[in-house]
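First up is the structure itself, then whatever we jot down about it.
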Amino acid sequence: MDNIISEQAKAVILEVLEQAKLPQGSIFVVGCSSSTVCGEGYGKASSMEIAQAIFDAVYPELQSRGIFLAAQCCEHLNRAIITSKAAAEKQNLDIVNVVPQPKAGGSFATITYGTINEPVAVEHIKADAGMDIGGVLIGMHLREVAVPLNLKNNMIGQAHITAARTRPKFIGGERAHYNDSLK
């Protein structure tokens, strides 16, 4: 099953990255419920194996493009974020002291903390894009304005996927002109 999960996750991340067109140095947030991937309720069947399969598909694609991963923790850690020290410094974020565990932070955040270089936890981040695996609500960690992505690959296991990119706000009213490359 892990191989199928990994293949599905890779198809999703490639589609999201193609649509989002993120530049190097961007931050990409992933919220992941491994329980919903295997068809269970939130926190009912946390799986390090499923989280690892998803991480192994997603992280190399981000890393090869110079994009920072930000992993959203579960509600037991108030949706804190695990990311690299470099990403936290890029956004001048305050680092907090917590180490996620499968049942307090979630399996995906635990895998991320144990794998990336110089992992840190922060309470808030403003990511440039992201994907939500299983409806864990990543919106609080996206920059304004979030633009939903319409995905053909919208399932990993039994979990529905939503994804978004962000864009600058349009301001100025009806006489304003906009830079099309920023839409």
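The values are calculated or read from the model by the stated rules, or taken from the named source; none is laboratory data. Please read all numbers here as calculations on a predicted model, not as lab measurements. We place every Cβ from the backbone using ideal geometry, glycine too, and count neighbours over all the protein chains shown.
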Filtered residues of region 80-97 (kept if in contact (Cβ under 8 Å) with a residue 40 or more places away in the chain, surrounded by fewer than 20 Cβ atoms within 10 Å (Cβ to Cβ) and either at positive phi or in contact with a Gly (Cβ under 9 Å, 6 or more places away or on another chain) (or both))
Lys90
Scan region 133-149 for residues that are free of Cβ contacts under 8 Å to residues at least 40 places away in the same chain and assigned to a loop (DSSP other than H, G, I, E, B) and jot them down.
Arg143, Glu144, Val145
Filter region 11-65 down to the residues that are surrounded by fewer than 15 Cβ atoms within 10 Å (Cβ to Cβ) and charged (D, E, K, R), then identify the one that is nearest to Thr166 (Cα to Cα).
Lys21
Looking at the structure I just gave you, is Phe68 in contact with a Gly (Cβ under 9 Å, 6 or more places away or on another chain), in contact (Cβ under 8 Å) with a residue 24 or more places away in the chain, within 20 Å of Ser6 (Cβ to Cβ) and surrounded by 14 or more Cβ atoms within 10 Å (Cβ to Cβ)?
no
Residues satisfying the stated conditions in region 14-36, i.e. small (Gly, Ala, Ser), under 12 Å from Gly130 (Cβ atoms) and not in a loop (DSSP other than H, G, I, E, B):
Ala20, Gly31
Scan region 119-132 and report the pairs whose first residue is buried (at least 21 other Cβ atoms within 10 Å of the Cβ) and assigned to a loop (DSSP other than H, G, I, E, B) and whose second residue is modelled with pLDDT of 95 or more and among the aromatic types (Phe, Trp, Tyr), with Cβ atoms within less than 8 Å and a gap of 6+ or a chain change.
Asp128/Phe28
Return the pairs, sorted by first residue and then second, in which the second residue is among the hydrophobic types (A, V, I, L, M, F, W, C) and modelled with pLDDT of 85 or more, the first residue lies in region 37-54 and is more than 14 Å from Ile133 (Cβ to Cβ) and part of a helix (DSSP H, G or I), the beta carbons are less than 7 Å apart, and the residues are 6+ apart or on different chains.
Met48/Ile111
Only one of (1) touching a helix residue (DSSP H, G or I) at 6+ places or on another chain (Cβ under 9 Å); (2) part of a loop (DSSP other than H, G, I, E, B); (3) of a type outside the set (Lys, Arg); (4) farther than 18 Å from His141 by Cα is not met by Ala11, so which one is it?
(2)
Output for region 1-50, where each listed residue is modelled with pLDDT of 95 or more and in contact with a Pro (Cβ under 8 Å, 6 or more places away or on another chain)
Met48
Residues in region 77-84: is at least one assigned to a loop (DSSP other than H, G, I, E, B), closer than 17 Å to His160 by Cα and polar (S, T, N, Q)?
no
Is one or more of the residues making up region 108-117 out of contact with any Phe, Trp or Tyr (no Cβ under 9 Å at 6 or more places or on another chain), surrounded by 15 or more Cβ atoms within 10 Å (Cβ to Cβ) and modelled with pLDDT under 95?
no
